[in-house]
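Heads up: the structure comes next, in structure tokens.
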Amino acid sequence: MKSPRASVALLGAVVLTATTGLQAQGPVSQAIPTFTKDVAPILQRACQRCHRPNSMAPMSLVTYDDVRPWARSVKQRVVQREMPPWHIDRTVGIQRFKDDPSLSDDEIHTIAAWVDAGAPRGNPADMPPAIAWETADRFSFEPDVIVQLEEDITLADVGSDQWLNAPLEDTGLTEDRYIQMAEIKPLKGVAVVHHANAIAIRGTRDGEIGPGAGSPHIVEYAVGKAGERYPEGSGKLLAAGSRLVMNMHLHPIGEETLVNTALALKLYPKGYTPEHIQFSRVFPFPSQSEQDDIDIPPGESNARTDSYHYVEQPMRITAYQPHLHNRGKRQCLEAIYPPAPSVPWPESQGGPFSVRPELINCADFQFNWHLQYTYEDDVQPLIPAGTLLHLTSWHDNSAANRGNPDPTAWVGFGQRSIDEMALMWLEFSYLTDEEYAAAVRQRQERHGGNEDPQ
Ligand code: HEC
């Protein structure tokens, strides 16, 4: 290890996985895999959250009869790593996430071998018990509070996308409370809800609403995203007297659609103040319109945008989520650490210093999927004060990008899907200098001190 601060973010985090040659290689096991014994457990873990009756995906992958007609297509999508959607670059950065549905090379091999063998059912006695999935009105945790839009919204069959703020029912809470878990679900019109953000507005409901600095963001819903659970001892503040609004992006689908969305919260007990307040924020912060430098020429397949965010107080990052639009291609987040304090720099030689960059993650981006990557507790990036978070985003405005609405257009920043963004959401809490030092020490001890896994 090069300095006490080196690799703080990634200590023990890097599990490099080669992803080459999936079709061609892999240990061929002797026994032919069967659906009930080998394939069903994989589908339960990695697919059924979306592929089950009355959910978002086009077909159910629960029973053998559901899956059998799709066998070839299942093989193709998993071998290409198109399903399940998971766009983290597996060759760099942190690789341990909560609720990671992605498949190991062995699991992909099992599915491919099963399809190649004619997709046999196997012994019914081997079938694992069915999973009891939550439904539209059932959340992934037992909520204390559920509020929905005061009124359904009617979205016309055709027309441009709509961005709107709609009031949620009163929570009935009269004192400051801290949120431990939060989840948004579309109750009606799941197919048109592109994304939804619950925002707490202080003061009267007539006041200005929107994701400004004084209005804490609670949680975002987007296709493919589950609810959020904050680490034990941390929570988001829901201040007394807050009004909740749902900020939504709706996308017409050719038929008039009624929309309603609900926010569910699990709260810490009355009077409890968590040690850390959890934030979820978009960067660049606070103003999204600071992205005037997005400059994507017509036909350009790899237009790059950089932004830098100065970290004034140590942070523990718990989740990362790229946010781009139709032409979004890829994003990388890097931490540029300040010079290590242990390096003796006599006053008289006050610089220049060398700083040390460390890649946290890269992810490919597809506008259909807004995936949040939640770190396992012991690999959450610990960011010292004085760090620059460097975000690099790439956009593909060429005709080869199937999601590109118009390769002949110049594209800059804007709210519409046909404009662009180069943002990220981070979930994080702040640490004091002492807490930061203690967290680093604890992690170094856990990982046996000195070796640098990079
Ligand atoms: C996060 C939700 C989600 C997960 C998890 C997921 N899928 Fe999908 N899947 C979708 C959606 C939505 C579509 C339709 C859009 C598309 O094709 O991308 C789809 C499409 C497919 C298709 C193509 C269907 C067609 O019409 O041709 C296959 C095959 C498939 N998924 C298999 C799987 C398998 C196998 C898994 C698990 C290993 C999986 N999916 C996990 C949401 C998901």
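The values are calculated or read from the model by the stated rules, or taken from the named source; none is laboratory data. All values reported here derive from a predicted model rather than from experimental measurement. In this analysis, Cβ positions are derived from the backbone assuming ideal geometry, glycine residues included, and neighbour counts consider all displayed protein chains. These accessible areas exclude ligands, DNA and RNA; they are computed on the full protein's heavy atoms, side chains included. Shrake-Rupley method; radii C 1.70, N 1.55, O 1.52, S 1.80 Å.
For beta carbons closer than 7 Å, sequence separation of 6+ or different chains, a first residue in the range 142-164 that is closer than 12 Å to Pro252 by Cα and a second that is part of a loop (DSSP other than H, G, I, E, B) and basic (Lys, Arg), the qualifying pairs are Asp161/Arg416. When we screen Tyr178, Tyr221 for residues that are within 22 Å of Asn260 (Cα to Cα) and at pLDDT 70 or above, the only hit is Tyr221. Would you say Pro58 is within 8 Å of the ligand (Cβ to nearest atom) and open to solvent by 20 Å² or more (accessible area, probe 1.4 Å)? So Pro58 fits the description; yes.
Exactly one residue out of Trp394, Trp369 is part of a strand (DSSP E or B) and either within 27 Å of Arg81 (Cβ to Cβ) or not hydrophobic (A, V, I, L, M, F, W, C) (or both): that is Trp394. Considering (1) surrounded by fewer than 21 Cβ atoms within 10 Å (Cβ to Cβ); (2) of a type in the set (Gly, Ala, Ser); (3) under 26 Å from Gly235 (Cα atoms), the lone condition that Ala399 does not fulfil carries the number (3).
Condition check ((1) surrounded by fewer than 17 Cβ atoms within 10 Å (Cβ to Cβ); (2) in a strand (DSSP E or B)) across all residues:
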site	(1), (2)
Trp114	no, no
Gly122	no, no
Pro128	yes, no
Trp133	yes, no
Phe139	no, no
Val147	no, yes
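For the range 391-417, the set of residues classified as under 25 Å from the mean Cα position of the chain (by Cα) and of a type in the set (Phe, Trp, Tyr) consists of Trp394, Phe413, listed by residue number.
Apart from one condition, Ile294 fits all of (1) under 19 Å from Gln372 (Cβ atoms); (2) open to solvent by less than 40 Å² (accessible area, probe 1.4 Å); (3) in the same structural domain as Asp433 (by TED's automatic domain parsing); the exception is (1). Residues that are of a type in the set (S, T, N, Q) and in a helix (DSSP H, G or I) were ranked within the range 63-105; the one that is farthest from the ligand (Cβ to nearest atom) is Gln76.
Within the range 73-95, is there a residue that is under 20 Å from His323 (Cα atoms) and among the aromatic types (Phe, Trp, Tyr)? So far as the range 73-95 goes, yes, one or more of its residues are under 20 Å from His323 (Cα atoms) and among the aromatic types (Phe, Trp, Tyr). Filter the range 158-168 down to residues that are farther than 25 Å from Phe279 by Cβ and touching a strand residue (DSSP E or B) at 6+ places or on another chain (Cβ under 8 Å) and give me whichever is least open to solvent (accessible area, probe 1.4 Å). Selected residue: Asp161. Applying the criterion of being surrounded by fewer than 18 Cβ atoms within 10 Å (Cβ to Cβ) and touching a residue at least 60 places away in the same chain (Cβ under 8 Å) to the residues of the range 75-86, the residue that is nearest to the chain's Cα centre (by Cα) is Pro85.
For the structure I just gave you, tell me whether Ala112 is outside the structural domain of Asn361 (by TED's automatic domain parsing), out of contact with any Gly (no Cβ under 7 Å at 6 or more places or on another chain) and within 8 Å of the ligand (Cβ to nearest atom). Taking the combined requirement at face value, the residue does not satisfy it.
Look at (1) over 31 Å from the mean Cα position of the chain (by Cα); (2) within 11 Å of the ligand (Cβ to nearest atom); (3) part of a loop (DSSP other than H, G, I, E, B) and you find that Gly118 fails only one, number (2).
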